[in-house]
Amino acid sequence: MTAQPRRSDARRNRARLVEAATALFDEVGTDAASMNDIARRAGVGPGTLWRHFPDKEALTAEVVGRSLDGLAALAAELPGSPDDPDFLRRWVSALVRHITRYRGLAVRYAEAARRADGPLGARCRAVEEAAAGLLERARERGQVRADLTAPELIRLATAVAWVSETTAPSDTTARLLDLVFEGVRPH
């Protein structure tokens, strides 16, 4: 049995829901934006929202998924040359920027990455696989400790993002990343 193509009004509703969620996530964060508020902003009923997105994680995965996919693509492009010592830091910085875009995403991301199921977890796994490839290249160049794992690197980035979004002055992120990268260098 083949899946029926979505009707044009269903495609429009889905696009409006993603647009509304993105705007609310920008304004109030992922936790404070309720599903009902998102449906109301999109101009649809809650039933329409639930038909497209069975839970908030599915909607969050849709909103942040493209940029997570972009992080995976960026990892494939880095490093451009063998003498690029900062490729891993540039990627981790991009991950931190991604996570801090929406208030509350650090916690959601950490939970989804730990569970690794569901729509956001699937996107997190792709990012972790990208991190693993970058780590391997950094290890080959002697730039990171041999025992550093991709999940640990993701957790470090998520921790920096969480601190940056919740308690830290704006100039703290770079300092925290300096400390992280000092700690992951080989001894």
Give, rounded to the nearest 20 debye, the magnitude of the charge dipole that segment 64-111 has about its Cα centre when Lys and Arg contribute +1 at Cβ and Asp and Glu contribute -1 at Cβ.
-> 380 debye
Which one is right for this structure if Rg/Rh (Cα atoms, Kirkwood Rh) is calculated from it: (i) 1.20; (ii) 0.93; (iii) 1.04?
-> (iii)
Within the set Ala72, Ala174, Ala161, GNM on the chain using Cα springs under 10 Å gives the largest fluctuation to Ala174
How far apart, in nm, are two points set 7 Å out from the Cα along the Cα-to-Cβ line at Asp31 and at Arg141?
-> 3.7 nm
Once you have the Cα-Cα distance between Arg66 and Thr172, take 0.36 nm times their residue separation minus that, and quote the gain in nm to one decimal.
-> 35.5 nm
Mean accessible area per residue over the chain (1.4 angstrom probe, all protein chains present, square angstrom) is 53 Å²
Near Ala157, within a Cβ-to-Cβ distance under 13 Å, what is the net charge of the other residues, with Lys and Arg +1 and Asp and Glu -1?
-> +1
Positive dipole terminus of segment 25-90, leading residue within Ala73, Gly45, Ala58 (C-beta point charges) = Gly45
Here segment 90-102 yields Karplus 3J(HN,Hα) values (6.51, -1.76, 1.60; θ = phi - 60°; whole Hz; Gly and Pro given as x) of 4, 5, 4, 4, 5, 5, 4, 4, 4, 5, 7, 4, 10
In sequence order, calculated HN-Hα J values of segment 47-61 (Karplus, 6.51, -1.76, 1.60; Hz; x Gly/Pro) = x, 5, 4, 5, 5, 7, 9, x, 7, 5, 5, 5, 5, 4, 4
Please say if segment 36-77 is rounded, prolate or oblate, where rounded means a/c under 1.5 for a ≥ b ≥ c the square roots of the C-alpha gyration tensor eigenvalues, and otherwise the choice is prolate for a/b larger than b/c and oblate otherwise?
-> prolate
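The values are calculated or read from the model by the stated rules, or taken from the named source; none is laboratory data. Treat the numbers as computed from the prediction; the structure is a model and nothing was measured. FYI the Cβ positions are ideal-geometry reconstructions off the backbone, even for glycines, and counts take in every protein chain you see. We work out accessible area using only protein heavy atoms, side chains counted, and drop any ligands, DNA or RNA first. Shrake-Rupley method; radii C 1.70, N 1.55, O 1.52, S 1.80 Å.
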